[in-house]
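Read the structure below first, then the notes.
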């Protein structure tokens with residue numbers, strides 16, 4: 001498959017709103033548009049109008065799935081939305097969200113960001129009760145658990161179901177005109193709440209989605225907390241005690257979140273600029289110019305230039321109209337595939353020694369192509385500086401790196417990686433430097449991708465695969 005991406009694949013994005021009298025489907029559309037960076041495989045919106053729920057979802061980007069004619073059919077008082085990158089369950093329409101289930105004569109819809117680690121147990125439990133599954137995602141298991149619970153009040157249902165869920169989950173749930181959001185006790189994936197000018201409320205994975213609809217950011221939903229939104233009403237309840245060890249994914253600061261989002265009281269862009277400054281202090285180098293690998297390397301490159309005194313420049317131009325659904329190039333173009341997305345400014349970099357700043361290296365294949373491309377454009381030296389430590393361990397909480405064999409740093413030293421990618425030099429920020437940049441204690445974060453120390457014990461790691469339920473079904477058919 002053609003890809004110019006050498007990053008951890010994104011988590012999903014969720015949104016929910018209750019605003020009678022407003023065009024909630026359109027507000028949800030724009031919020032999902034702001035969260036598009038978190039998932040480009042599929043998009044969906046579910047709307048509730050006087051208790052009747054309608055959902056539309058499909059493969060592709062938000063702007064591809066939802067046209068003006070579609071949005072006009074999605075009228076109602078409340079809505080939730082979802083953009084997906086798959087981490088459990090493959091890339092098929094059946095696994096797109098929101099997931100819908102019948103409950104007490106009504107339909108509920110659920111959107112989930114994260115990844116459960118006890119899916120096999122939950123699937124067995126529900127299967128023994130006769131539950132039929134229409135997808136292979138862990139999100140449907142959550143929806144089924146909620147739909148099958150005997151309690152009438154959805155608040156009581158969420159309170160009862162949450163302790164059964166292990167792993168990462170930030171969830172929005174639409175039921176009978178009410179939106180419920182809840183977050184795992186470790187706080188691995190983000191979720192926040194904002195207030196619109198008319199006094200209504202909205203939930204979102206990131207504050208940038210609140211900004212785009214004109215909502216005021218209020219606060220983040222805390223680990224183990226539930227938020228219930230009805231018309232001009234917000235209830236917050238601590239459903240499960242926060243885990244003694246917190247686990248916010250530090251990659252939200254490094255790569256996942258949009259630079260203009262606020263997480264834990266810090267603007268993401270500010271933290272990334274500080275990462276670049278720390279890199280310049282830890283690993284100085286003499287060079288003519290600092291350039292980023294756009295766009296996610298840009299804030300750290302600005303920080304590196306600021307701290308080092310080396311001029312900042314844009315040596316690589318990105319085609320910003322390339323999405324995950326870009327048509328595959330033919331064989332003659334595939335060899336030059338990286339240029340479809342990035343192209344060097346040869347006149348600017350010819351004969352120059354470059355500091356090239358990026359946020360991460362996962363497999364190394366794309367980095368190798370970029371380094372070679374810069375040398376071919378005339379760069380005299382290419383010094384790579386990476387604003388995350390080496391990724392040596394897989395993630396089981398919602399990032400698609402479920403096997404260590406995919407990770408170049410799991411089996412190679414920094415010197416070996418430098419040789420593999422062809423750079424003049426290569427240095428990664430230290431864990432200590434990363435924490436100084438984020439300016440929060442290490443105990444607040446999950447850093448397992450760097451350390452192998454997981455906040456939530458992962459059972460039978462070797463069997464964890466996003467396609468595991470497809471494999472089970474095939475074996476059952478045989």
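Remarks
- Pick from segment 193-214, criterion touching a helix residue (DSSP H, G or I) at 6+ places or on another chain (Cβ under 9 Å) and part of a helix (DSSP H, G or I), ranking: nearest to residue 31 (Cα to Cα): 209
- Apart from one condition, residue 275 fits all of (1) touching a helix residue (DSSP H, G or I) at 6+ places or on another chain (Cβ under 7 Å); (2) in the same structural domain as residue 201 (by TED's automatic domain parsing); (3) within 18 Å of residue 442 (Cβ to Cβ); the exception is (2).
- Meets criteria (assigned to a loop (DSSP other than H, G, I, E, B), touching a helix residue (DSSP H, G or I) at 6+ places or on another chain (Cβ under 9 Å) and assigned by TED's automatic domain parsing to the domain that holds residue 154) for residue 190: yes
- Pair list, Cβ under 6 Å, 6 or more apart: segment 337-356 residue without any contact (Cβ under 8 Å) to a residue 60 or more places away in the chain, other residue assigned to a strand (DSSP E or B): 343/317; 344/316
- For segment 190-229, the candidate set comprises residues that are within 16 Å of residue 78 (Cβ to Cβ) and surrounded by fewer than 17 Cβ atoms within 10 Å (Cβ to Cβ); within that set, the residue that is nearest to the chain's Cα centre (by Cα) is 195.
- Of residues in segment 28-46 being in contact (Cβ under 8 Å) with a residue 60 or more places away in the chain and buried (at least 24 other Cβ atoms within 10 Å of the Cβ), the one farthest from the chain's Cα centre (by Cα): 46
- Under the condition of being in a strand (DSSP E or B) and more than 28 Å from the chain's Cα centre (by Cα), the residues counted in segment 345-392 number 5.
- Which listed residue is assigned by TED's automatic domain parsing to the domain that holds residue 168, crowded, with 24+ Cβ neighbours inside 10 Å and part of a strand (DSSP E or B), from 141, 110: 110
- Of all the listed residues (466, 474), the sole one being outside any helix (DSSP H, G or I) and at pLDDT below 95 is 466.
- The single residue among 450, 396 that is farther than 26 Å from residue 286 by Cα, in contact (Cβ under 8 Å) with a residue 24 or more places away in the chain and either touching a strand residue (DSSP E or B) at 6+ places or on another chain (Cβ under 6 Å) or part of a loop (DSSP other than H, G, I, E, B) (or both) turns out to be 396.
- Test result for residue 98, on the phi < 0 side of the Ramachandran plot, out of contact with any strand residue (DSSP E or B) (no Cβ under 7 Å at 6 or more places or on another chain) and surrounded by 24 or more Cβ atoms within 10 Å (Cβ to Cβ): no
- Subset tally (residues that are modelled with pLDDT under 95 and within 17 Å of residue 110 (Cβ to Cβ)) for segment 53-62: 0
- Count - residues of segment 150-177 that are outside any helix (DSSP H, G or I) and either surrounded by 21 or more Cβ atoms within 10 Å (Cβ to Cβ) or without any contact (Cβ under 8 Å) to a residue 40 or more places away in the chain (or both): 13
- Single condition residue 414 does not satisfy, out of (1) touching a residue at least 40 places away in the same chain (Cβ under 8 Å); (2) under 26 Å from residue 277 (Cα atoms): (1)
The values are calculated or read from the model by the stated rules, or taken from the named source; none is laboratory data. Keep in mind the model is a prediction, meaning the values are calculated, not measured. Quick reminder, even Gly has a Cβ in these numbers, built from the backbone with ideal geometry, and neighbours come from all protein chains shown.
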